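First up is the structure itself, then whatever we jot down about it.
Each reported figure results from applying straightforward, stated rules to the coordinates on display, with no laboratory input. Every value quoted in this text rests on a predicted model; they were computed, and no experiment measured them. FYI the Cβ positions are ideal-geometry reconstructions off the backbone, even for glycines, and counts take in every protein chain you see.
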Amino acid sequence: MRLKNKTAIVTGAAQGFGFGIAETFVREGALVALVDLNGEAAAAAAAALGPAALAFACDVADAAQVAEVAEAAIRSLGGLDILVNNAGTSHRNRPMLEVEEAEFDRVFAVNVKSIYLLAKAAVPHFRTRGRGVILNIGSTAGIRPRPGLAWYNASKGAVNLLSKSMAVELAPDHIRVNALAPVAGETPLLATFMGEDTPEKRAAFRSTIPLGRLSTPQDIAHAALFLCSDEADMITGAVLEVDGGRCI
């Protein structure tokens, strides 16, 4: 098992990419804290994964909640080896000036500010332990943006670059920081990205991906497993495109 005796926090873990990552980490031997805004869904997800999974309810854009939950999770896990910042949101696909200010603020708070807040909670712990791994879930939207998602694209561009910045600064502390850039996938956010979920919209999205399909939680989980494992011990500052060729 590639994560035997490792501990991890995964945000946005009740469904979609986050659940796929948590499920894979548990299968590979890790003890995992599933953190999600929906506490009931997190509890159900953790129950499905068994005793190696713990559930915590948290708004990752709220500083007080993040500090409290991160401390509780690290204490319950008996330490922390891996932090996966997966929680994310988007405004509905529409012209940039039609997005309300509150939507803009929420997108940047969940997608970007949460990484800052979780870093404040986890990095001091990693420094004490002498090592750690952070994986941020960016997006191909931050590399090859889609129209109608201007502010979401910008938030994910920030995640992609932030991951490199963190990697440079934290390398002397033996803390690796990488990012994944998934293409649109079979997750609850898909309809938001498309504006509406119709066969025609799905076909249009798939047509932009050379391999001809959307990503799955398993695709993202497999990449996350590699980057968070000791096999990737010399990799930091990478933004790995898991995109079926979308960014070529």
Tell me the label-point distance for the pair Ala48, Leu190, using the 7 Å Cα-to-Cβ offset, in nm and rounded to one decimal.
1.5
Report, in debye and to the nearest 20, how large the dipole of the range 79-147 comes out about its Cα centre when Lys and Arg carry +1 and Asp and Glu carry -1 on their Cβ.
360
Under the 7 Å Cα-to-Cβ spin-label approximation, His174 and Glu68 lie apart by a distance in nanometres of 3.5
Once the Cα atoms of helix 150-170 and of the chain are each reduced to a long axis, what angle between those two axes, in degrees from 0 to 90 to the nearest 10, is obtained?
30
Would you work out the relative contact order for the chain, in percent, from Cα pairs under 8 angstrom that are 6 or more residues apart?
20
Using just the helices of the chain, give the 222 nm mean residue ellipticity in deg cm²/dmol: DSSP H runs with n ≥ 4 each add -39,500 (n - 2.57), and the total is spread over all residues, rounded to 500.
-13500 deg cm²/dmol
With label points built 7 Å along Cα→Cβ from the Cα atoms of Arg213 and Thr198, find their separation and express it in nm.
2.6
Rounded to a whole number of µm²/s, how large is the Stokes-Einstein D of the range 1-106 at 4 °C and 1.567 mPa s, given Rh as the Kirkwood radius over C-alpha pairs?
91
From the P(r) of the range 144-246, can you give the percent of Cα pairs sitting at distances over 17 Å?
59
Note down the Stokes-Einstein diffusion coefficient of the chain in µm²/s, whole number, using a Kirkwood radius over alpha carbon pairs, 10 °C, and 1.306 mPa s.
89
Which FRET efficiency value, to the nearest 0.05, is calculated for Arg129 and His222 with the Förster distance at 35 angstrom and r the Cβ-Cβ distance?
0.85
Give me the dipole magnitude in Debye, nearest 20, for the chain about the Cα centre, with unit charges on the beta carbon: positive for Lys and Arg, negative for Asp and Glu.
540
At 0.36 nm per residue, and after removing the present C-alpha to C-alpha distance, how many nm does the segment from Cys247 to Asn5 gain when stretched out fully?
83.6 nm
Please list 95-106, 162-173, 27-38 highest first by mean number of surrounding beta-carbon atoms within 10 Å per residue.
27-38, 162-173, 95-106
Size of electric dipole in the range 103-248: Cβ of Lys, Arg +1 and of Asp, Glu -1, about Cα centre, debye, nearest 20:
220
Highest mean packing first, using Cβ neighbours within 10 angstrom, the peptides 123-134, 74-85 sort as 74-85, 123-134
Would you please put 54-64, 4-14, 180-190, 227-237 in order of how densely packed they are, using the mean number of other Cβ atoms within 10 angstrom per residue and starting with the highest?
4-14, 180-190, 54-64, 227-237
